[in-house]
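The values are calculated or read from the model by the stated rules, or taken from the named source; none is laboratory data. Quick caveat, the model's predicted, so the values are computed rather than measured. As a convention, Cβ positions derive from the backbone with ideal geometry for all residues, glycine included, and neighbour counts pool all protein chains shown.
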Amino acid sequence: MALAIPVAAMAQVTAGPAKPRLIVAVSVDQFSADLFAEYRQHFTNGMKRLANGVVFPAGYQSHAATETCPGHSTILTGSRPSRSGIIANNWYDLSLPRADKKVYCSEDPSVPGSNSNKYVVSPQYLKVPTLGDRMKGADPATRVVAVAGKDRAAIMMGGHKTDQIWFWGGKSYVPLAGRTSPPPVTVGTINARVASLVAKPSKAALPEMCRSRSLAVPLGAGKQVGVLADRKAEDFGGFRAAGDFDAATTDLAIGLLSEMKLGRGAGTDVLTIGLSATDYVGHAFGTEGAEMCAQMVALDHNIGRILAALDATKVPYVVVLTADHGGHDLTERAQQRGFPDAERIDPNLSPKAFGAALAKDLGITIGEDLVYSDGPFGDWYLSREIAADVRPLILSALKARLSAHRQVEVVFTADDLRRMPSPRPPVEEWSLAERARASFDPERSGDLIVLLKPNVMPIANPMRGYVATHGSPWSNDRRVPILFYRPGTIGFEQPLSIETVDIMPTLGALVGLAIPPEEIDGRCRDLDAGAGSTCP
């Protein structure tokens with residue numbers, strides 16, 4: 001078990017921490033600042049230890065498109081989506097020659113037969129280098145290893161030049177296509193262990209501290225959430241939405257750390273770890289039930305195992321832990337708890353239905369949908385069949401009708417955002433337009449950007465899959481913790497806001513990496529509570 005190092009003990013260290021030989025970046029998918037604050041007093045293991053380091057509780061995924069791919073792309077690039085090009089998990093490219101015009105953020109659409117559901121994983125859409133890419137450019141001896149529960153987490157944190165990259169492929173951890181070298185022994189060991197685990201049913205074990213949260217929330221037709229349930233054999237979906245999934249990713253990271261002797265080579269190495277189970281729990285059950293409580297207990301344990309493994313290497317290291325976005329609790333529980341404005345999205349606000357209704361009212365007949373979007377919020381694209389001379393009129397009518405919908409907060413046109421400069425801190429004071437601008441890429445973003453009102457759940461029917469999600473421009477989705485830890489450092493807490501794009505230049509400064517400030521959106525943050533500074 002990893003032992004917490006009290007802040008008082010750290011203060012007795014006279015010499016500052018050594019230059020890191022290993023950088024470890026951990027992203028906990030959907031780990032909001034709210035979750036961190038809610039469970040901080042209950043952490044007893046790894047998360048408690050990190051909370052005794054350098055803590056920025058008011059971190060921000062500052063952009064409006066608070067989804068997994070954009071969020072992960074900010075952490076180790078120092079760039080907001082407007083610069084990285086990762087504007088969403090999915091967007092539309094109506095110029096693609098294939099029938100499926102939807103694009104997945106981590107795919108290569110040039111592969112014959114590829115579509116947004118069955119794709120070849122690739123980093124090609126990421127326009128900027130990651131920390132690992134920059135470090136390898138400065139020192140080829142640097143090794144970059146990325147492991148994650150999602151391909152987009154591994155890609156967006158690992159970057160373009162990973163030495164090893166492994167992510168969950170549905171039933172096992174898989175590499176990028178074309179990686180033909182023999183896999184590390186660790187990978188086969190972990191995949192075999194996972195196959196054996198999932199092959200058998202699993203009995204639910206509710207931690208004692210979570211018993212008060214075990215309250216059923218009925219959703220209809222016998223479906224309910226809020227009470228930890230057993231997992232059936234061969235239930236890979238249930239496996240993802242539980243601490244066992246993060247435990248497997250942790251095992252893989254620890255195994256590669258040991259097998260590859262990370263931090264003990266000729267250069268400073270980078271290990272990125274994407275723990276995805278918290279997100280799947282949030283989607284399947286919401287953020288405030290027994291399921292999430294059990295997941296927080298498991299997360300605390302898994303982070304403790306990572307820190308213990310790092311200690312065992314005896315090399316100087318630095319760890320940063322943050323999240324790609326926050327999340328909403330499910331609407332039905334929010335209503336039970338006295339939030340009358342919590343509601344599910346109007347099904348008629350779906351792009352297909354909304355576009356069809358507008359086309360009918362305007363007397364428009366075309367051979368395809370009038371508008372395209374991955375959902376009721378975010379980027380909406382007008383069909384290319386609409387003639388150039390009438391496009392402004394159609395867009396104006398679409399914007400007016402969307403803006404009039406009671407669940408829509410605001411609608412921006414691409415021209416609105418294109419004319420705006422990139423926003424500057426303090427991030428908590430940004431207008432909705434500035435948040436949308438931070439997600440806007442003129443080459444990829446929609447003709448309209450739709451932002452919903454607070455507490456509107458963009459899932460109409462919780463009986464058909466996920467019960468809750470994220471993606472809003474509001475604080476519950478934008479605010480995430482940012483925690484730095486180095487053995488021997490003096491712990492402190494900084495309540496002022498910072499952005500996740502500040503992580504990369506901060507880590508770069510620790511290893512002496514020169515990063516031109518005009519190439520990124522973030523800025524270095526001092527991790528020294530004493531008189532010195534860790535920033536150039």
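Data for the structure
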read-out	value
Matching entry among Asp163, Asp139, Asp151 (being surrounded by fewer than 20 Cβ atoms within 10 Å (Cβ to Cβ), out of contact with any Pro (no Cβ under 6 Å at 6 or more places or on another chain) and either under 20 Å from Gly274 (Cα atoms) or among the hydroxyl-bearing types (Ser, Thr, Tyr) (or both))	Asp163
Condition met for Phe412 (assigned to a loop (DSSP other than H, G, I, E, B) and either in contact with a Phe, Trp or Tyr (Cβ under 6 Å, 6 or more places away or on another chain) or aromatic (Phe, Trp, Tyr) (or both))	no
Any strands (runs of 3 or more DSSP E) falling wholly within segment 212-317 and containing at least 3 residues that are under 16 Å from Val198 (Cβ atoms), in contact with a Leu (Cβ under 6 Å, 6 or more places away or on another chain) and acidic (Asp, Glu)	none
Selection within segment 441-464 - under 14 Å from Trp380 (Cβ atoms) and part of a loop (DSSP other than H, G, I, E, B)	Arg444, Ser445, Gly446, Asp447, Pro458
All positions within segment 140-171 that are in contact with a helix residue (DSSP H, G or I) (Cβ under 7 Å, 6 or more places away or on another chain) and part of a helix (DSSP H, G or I)	Arg152, Ala153, Met156, Met157, Gly158
All positions within segment 196-211 that are surrounded by 13 or more Cβ atoms within 10 Å (Cβ to Cβ) and in a helix (DSSP H, G or I)	Leu197, Val198, Met209, Cys210
Flag if Ala342 is surrounded by fewer than 24 Cβ atoms within 10 Å (Cβ to Cβ), among the hydrophobic types (A, V, I, L, M, F, W, C) and free of Cβ contacts under 8 Å to residues at least 60 places away in the same chain	no
Neighbours by Cβ (under 9 Å, 6+ apart or cross-chain): first from segment 137-156, without any contact (Cβ under 8 Å) to a residue 40 or more places away in the chain; second of a type outside the set (A, V, I, L, M, F, W, C)	Gly137/Pro129; Gly137/Lys161
Check on Val315, surrounded by fewer than 24 Cβ atoms within 10 Å (Cβ to Cβ) and either farther than 21 Å from Lys223 by Cα or at pLDDT 95 or above (or both)	yes
Selection within segment 498-536 - of a type in the set (Ser, Thr, Tyr), at pLDDT 95 or above and more than 20 Å from Asp139 (Cα to Cα)	Thr500
Positions within segment 147-185 being farther than 12 Å from Phe245 by Cα, within 24 Å of the chain's Cα centre (by Cα) and of a type in the set (A, V, I, L, M, F, W, C), in sequence order	Val147, Ala153, Ala154, Ile155, Met156, Met157, Ile165, Trp166, Val174, Leu176, Ala177
Test: residue in segment 93-102 that is touching a helix residue (DSSP H, G or I) at 6+ places or on another chain (Cβ under 9 Å), under 19 Å from Val450 (Cβ atoms) and not hydroxyl-bearing (Ser, Thr, Tyr)	no
Test for Ala357: is it surrounded by fewer than 22 Cβ atoms within 10 Å (Cβ to Cβ), touching a residue at least 24 places away in the same chain (Cβ under 8 Å) and under 26 Å from Asn455 (Cβ atoms)	no
Helices (runs of 4 or more DSSP H) wholly inside segment 20-117 containing at least 1 residues that are in contact with a Pro (Cβ under 7 Å, 6 or more places away or on another chain)	33-39, 68-75, 81-84
Segment 103-116 - residue that is touching a Leu at 6+ places or on another chain (Cβ under 9 Å) and surrounded by fewer than 24 Cβ atoms within 10 Å (Cβ to Cβ) and, of those, farthest from Asp379 (Cα to Cα)	Pro109
Residue check, Leu483 at pLDDT 95 or above, surrounded by 21 or more Cβ atoms within 10 Å (Cβ to Cβ) and under 19 Å from Gln407 (Cβ atoms)	no
Odd one out for Asp379 among (1) touching a helix residue (DSSP H, G or I) at 6+ places or on another chain (Cβ under 7 Å); (2) in a strand (DSSP E or B)	(1)
Enumeration of residues in segment 421-451 that are more than 24 Å from the chain's Cα centre (by Cα) and surrounded by 15 or more Cβ atoms within 10 Å (Cβ to Cβ)	Asp447
Scope segment 462-474; condition surrounded by fewer than 19 Cβ atoms within 10 Å (Cβ to Cβ) and in contact (Cβ under 8 Å) with a residue 60 or more places away in the chain; matching residues	Met463, Tyr466
Set Gly137, Gly132, Gly188: member being more than 20 Å from Ala242 (Cβ to Cβ), in a helix (DSSP H, G or I) and under 21 Å from the mean Cα position of the chain (by Cα)	Gly132
When residues of segment 424-440 are limited to those that are assigned to a helix (DSSP H, G or I) and aliphatic (A, V, I, L, M), the one nearest to Arg479 (Cα to Cα)	Val427
Single residue of segment 318-335 satisfying the filter (of a type in the set (S, T, N, Q) and not in a strand (DSSP E or B)) that is surrounded by the fewest Cβ atoms within 10 Å (Cβ to Cβ)	Gln335
Sole exception among (1) surrounded by fewer than 16 Cβ atoms within 10 Å (Cβ to Cβ); (2) under 19 Å from Met135 (Cβ atoms); (3) among the hydrophobic types (A, V, I, L, M, F, W, C) for Leu513, by number	(1)
